[in-house]
Structures are given as C-alpha cells and as structure tokens.
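Asks: One structure, as structure tokens, below. Some questions next.
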Amino acid sequence: AEGVDRSRTLIAAAHSRHAGSGCEFHVAEAAGLPFADGSFDAVRIDRSLQHIAEPGRIVLEMARVARRGAVVLCAEPDWGTFLIGGRHSAVSERIQHNWIRSFQNPWIGRELSSLLVDAGVGGIRQEVLWLPTHGFAESDLLFEIDATARDLSAELPEAFTWLEAFRRGVAYAGVLMLICWGRKH
C-alpha cells in the first residue's frame, strides 16, 4: 500500500503510525502522482477534492495510475446538504452559508460520478452516508460553528445570541458524504 499527501507533517505521522506495516508514504501533489501508469489495483481519495482547485484533473491522475479493471474510489461531502439543527433563522442560514463557502468545491460530492466517468471509469456505484453530530462540542469540533458565528458577529451582532442558544439547546449538525466508485476501463 502507498499513501500520498502534500503535507510533510502528515506523511511523517503516517510513517510513525504505520512503521513496519509494509506501507509506504510519499510527499507529493495529487496532480502529479510519483507512480507509473497502471501501478495499482485500487486508488482512493477521501475528503481532499473539496479543497483542490481542479478536482477533475486529480481524478484523471488517479485513473492514470490505476490498472485496467482497478477500482477508483472517491469519498467527499456535499456541503450543499449541510445543516445546522435548531430553529431556522437568518443567522443560522448565514452560518451555514459561510461554512459552505469556506470550501473550494463545496458541491463536489454530487459531481463525483461525472468526474469518474470523464476519467474513464465505468460501472459507477455510489453510497450516501449521513454524518450527524450530537451536541455542541461535537458539532463545533467538526463544523467550527463557534468560529463561524463569531466571524459573522461583526456584521450580525445577533450571532452571539444565536450561538449561546445553540450551545444551550439540542445542538446538532450534519452533512451527506458521498462515496462513489467504479472500475477503470
């Protein structure tokens, strides 16, 4: 097994965590994988395309390093499905909007099947998972609700009142995660 990330810190952590496992890890850009054409029986990317300027280029590169018949899999959230629980208000809508807009490709989840087809991957299948959070601490950890509300408070001072009500209430949030895969032609 091989792993790639552009972060030296994450690659160092992977080396440390998986020492002696036979896995290899490389610092590299997803748009230029350091592997020959047709090197792998399976290729996967998980929660990265949402941050990358040209996701189609990355999926093409994944297909390049996959052998004919290899599985090519992408797993990404679709931030267009993001919700914050509780009473709907202008503040909650703006917090959702600002969070969604913090991603380079917020609607990437719904684009995965098309990207795979464009890269020469067929027999497309997909699975959708609802990823909920429960309570304020978990919701804030995963979705930075506190920071987003505080950033918004300069424009909408009522964001502080909303944040306290969300913190004290039955706080939850969630997003759909799409997992899409097929086999390289």
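The values are calculated or read from the model by the stated rules, or taken from the named source; none is laboratory data. Computed from a predicted structure; not experimentally measured. Backbone-built Cβ (ideal geometry, glycine too); neighbour counts: all protein chains shown. In case anyone asks, the SASA skips ligands and DNA or RNA and just uses the protein heavy atoms, side chains included. Shrake-Rupley method; radii C 1.70, N 1.55, O 1.52, S 1.80 Å.
Asks: With the cut-off at 1.5 for a/c, could you classify the stretch 44-130 from its C-alpha gyration tensor as rounded, prolate or oblate? If you can, show how the numbers build up before the last one.
Replies: Details: a/c = 3.64, a/b = 2.33, b/c = 1.56.
The shape class here is prolate.
Asks: Roughly how many nanometres apart are two label points built 7 Å out from the Cα toward the Cβ at V128 and A90?
Replies: Placing both labels 7 Å beyond Cα along the Cβ direction yields 3.2 nm.
Asks: Would you work out what percent of the accessible area of the stretch 86-132, with all protein chains in place, is carbon or sulfur (probe 1.4 Å)? Could you put the intermediate results ahead of the total?
Replies: Working: 1380 of 2840 Å².
Ligands and nucleic acids excluded, carbon and sulfur reach 49 percent.
Asks: Okay, next question. Which shape class, rounded, prolate or oblate, goes with the stretch 7-50 when its Cα gyration tensor gives a ≥ b ≥ c as root eigenvalues, a/c under 1.5 marks rounded, and past that a/b bigger than b/c marks prolate? Mind showing how you got there, number by number?
Replies: Details: a/c = 1.76, a/b = 1.27, b/c = 1.39.
Oblate shape, in that a/c is at least 1.5 and b/c is the bigger or equal ratio.
Asks: Where only protein heavy atoms count, and the probe is 1.4 Å, what is the accessible area per residue for the stretch 111-166 in Å²?
Replies: Working: 3190 Å² over 56 residues.
Value returned for the stretch 111-166: 57 Å² of accessible area per residue.
Asks: Among rounded, prolate and oblate, which fits the chain when a ≥ b ≥ c are the square roots of the eigenvalues of its C-alpha gyration tensor, a/c under 1.5 means rounded, and a/b larger than b/c means prolate? Could you put the intermediate results ahead of the total?
Replies: Numbers: a/c = 2.57, a/b = 1.92, b/c = 1.34.
Prolate is the answer for the chain, as a/c is 1.5 or above and a/b outweighs b/c.
Asks: Given the rule -39500 (n - 2.57) for each run of at least 4 DSSP H residues, summed and divided by the residues of the chain, what is its mean residue ellipticity at 222 nm, to the nearest 500 deg cm²/dmol?
Replies: On the way: 7 runs with 65 residues, N = 185.
Rounded to the nearest 500, the figure is -10000 deg cm²/dmol.
Asks: On to the next question. Give me the 1.4 Å probe accessible area per residue for the stretch 28-104, excluding ligands and nucleic acids, in Å².
Replies: Values: 3840 Å² over 77 residues.
Counting only protein heavy atoms, the per-residue value for the stretch 28-104 is 50 Å².
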